[in-house]
Amino acid sequence: MKIISSIEELRDQMRGQLRTAFVPTMGNLHEGHLSLMRLAKRHGDPVVASIFVNRLQFGPNEDFDKYPRTFAADVEKLEKEGVYVLFAPTEKDLYPEPQEFRIRPPDDLGNTLEGEFRPGFFTGVTTVVMKLFSCVQPRVAVFGKKDYQQLMIIRNMAKQFALPTDIIAAETFRADDGLALSSRNMYLSPEERAEAPRLYRTLTQVAEEVRNGQRNIAALEQEAMAQLRTNGWQPDYISIRKRSNLQMVTEAELVQGEELVVLAAAKLGITRLIDNLEI
C-alpha cells in the first residue's frame, strides 16, 4: 500500500485509473470502516482510502483535538484489506490556504436533525468531501448508513453537481449486542458500554410500533426519548422521517405506506451517539 500526503503525488499515482473506489475516513479505524473497504473492492478497483480529521466539521465546543488518532494501527488494518493507496494529507496539504469557498447544503436538509444540533457541521462535511473527490477522482465512493443524513446529503450533492462518482451505501456495522460501531464508542465507560445498546433497542421498538399501525408519530417520539432519559441518557432527538428527503411525514403519507426511517442522537455520559433504522 502506498501512503501519499500530497495532492500532486496522488494525482500522479492515480493517473489513468478509471474504476477507482474511494472510502473517506477520519481514521481510528474499526471493523465498520473495514467493511466499507470490502464493499468498495466489490464495486471498483483500485481501492483508495483517506484519513483526514477535518477541522471544518467540528464545532467550537466539539472534540477536534481529542479525536482519536491511531495512524500506525490504521495503516496495518488497511494493508490487510488490500487497499492500494492511503491518502493521508496534513491540513497544510489539503488546505494550503484558508478554505473560503464552501459547499452549503440546502437548509431543509442541512439544518434539520444533526444540522440543528451541530450548526455548520454539514457544510464542513460536504466541503471536505467535494475536495477529496477532486483529489481522488473516484468512480464510486462508499459511505455508511450509520450517518444516514450525511449519506443523503453527499448523494444529493453528487447528483446536483453531476459528479462522475456513484455513491454506494453500506449497511450499518453493529456489535453483537446491536450497538452501531463508532470511533466515539471508545469514550464509553464499561457501565456506559453496557447501557449503550438501548439506543438501538429503542429504535427497534419505535419501528415495530409504526409497522403495527401506530400513527401518532409525535407521541412515539416523545415516549422513546422519555425512556432514554429514565435510563440516564440526554437525547437530542428521536425522529421519524421520510427516507426520500428526511422531512416530517404526514398522516396521509403514513396511510399510503411512505418509506420511513427513524433517526436518533443522544448523549450517554460525555459521549454522543447517533443511530437510525429504516422502517
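The values are calculated or read from the model by the stated rules, or taken from the named source; none is laboratory data. Keep in mind the model is a prediction, meaning the values are calculated, not measured. Because the Cβ atoms are built from the backbone with ideal geometry, glycine has one as well, and the counts that use them run over all protein chains shown. Quick note on the areas: whole protein, heavy atoms, side chains included, nothing else; ligands and nucleic acids left out. Shrake-Rupley method; radii C 1.70, N 1.55, O 1.52, S 1.80 Å.
Just to be sure before I move on: is Ala141 touching a strand residue (DSSP E or B) at 6+ places or on another chain (Cβ under 9 Å), not β-branched (Val, Ile, Thr) and not in a helix (DSSP H, G or I) in the structure I sent? Taking the combined requirement at face value, the residue satisfies it.
Listed conditions (1) closer than 21 Å to Val262 by Cβ; (2) at pLDDT below 95; (3) buried (at least 17 other Cβ atoms within 10 Å of the Cβ) are all met by Gly120, apart from (1). For the range 15-31, the count of residues that are over 17 Å from Leu132 (Cα atoms) and open to solvent by less than 20 Å² (accessible area, probe 1.4 Å) is at least one.
Among the candidates Glu191, Glu195, Glu209, Glu171, the residue that is modelled with pLDDT of 95 or more, open to solvent by 60 Å² or more (accessible area, probe 1.4 Å) and farther than 23 Å from Arg42 by Cβ is uniquely Glu191. Beta carbons closer than 8 Å, at least 6 apart along the sequence or on distinct chains, pair a first residue in the range 133-146 that is over 18 Å from Ala88 (Cα atoms) with a second that is in a loop (DSSP other than H, G, I, E, B) and among the hydrophobic types (A, V, I, L, M, F, W, C) for Arg139/Leu18; Gly144/Phe173; Lys146/Phe173; Lys146/Leu181. Does Gly115 satisfy being within 25 Å of Gln149 (Cα to Cα), without any contact (Cβ under 8 Å) to a residue 60 or more places away in the chain and not in a loop (DSSP other than H, G, I, E, B)? Taking the combined requirement at face value, the residue satisfies it. Of all residues in the range 219-244, how many are open to solvent by 60 Å² or more (accessible area, probe 1.4 Å) and farther than 22 Å from Gly269 by Cβ? Residues that pass the stated criteria total 3.
Residue by residue, here is whether (1) touching a residue at least 24 places away in the same chain (Cβ under 8 Å); (2) out of contact with any helix residue (DSSP H, G or I) (no Cβ under 7 Å at 6 or more places or on another chain); (3) among the β-branched types (Val, Ile, Thr); (4) at positive phi holds:
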{"residue": "Leu188", "(1), (2), (3), (4)": "yes, yes, no, no"}
{"residue": "Leu203", "(1), (2), (3), (4)": "yes, yes, no, no"}
{"residue": "Glu223", "(1), (2), (3), (4)": "no, yes, no, no"}
{"residue": "Glu259", "(1), (2), (3), (4)": "no, yes, no, no"}
{"residue": "Val262", "(1), (2), (3), (4)": "yes, no, yes, no"}
{"residue": "Lys267", "(1), (2), (3), (4)": "yes, yes, no, no"}
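Does Ala169 fit the bill of being in a strand (DSSP E or B) and either acidic (Asp, Glu) or without any contact (Cβ under 8 Å) to a residue 60 or more places away in the chain (or both)? When the stated conditions are applied, Ala169 passes them. As a summary of the residue check, Asn156 satisfies the conditions (1) open to solvent by less than 20 Å² (accessible area, probe 1.4 Å); (2) of a type outside the set (Phe, Trp, Tyr); (3) in a helix (DSSP H, G or I); (4) in contact (Cβ under 8 Å) with a residue 40 or more places away in the chain except for the one numbered (1).
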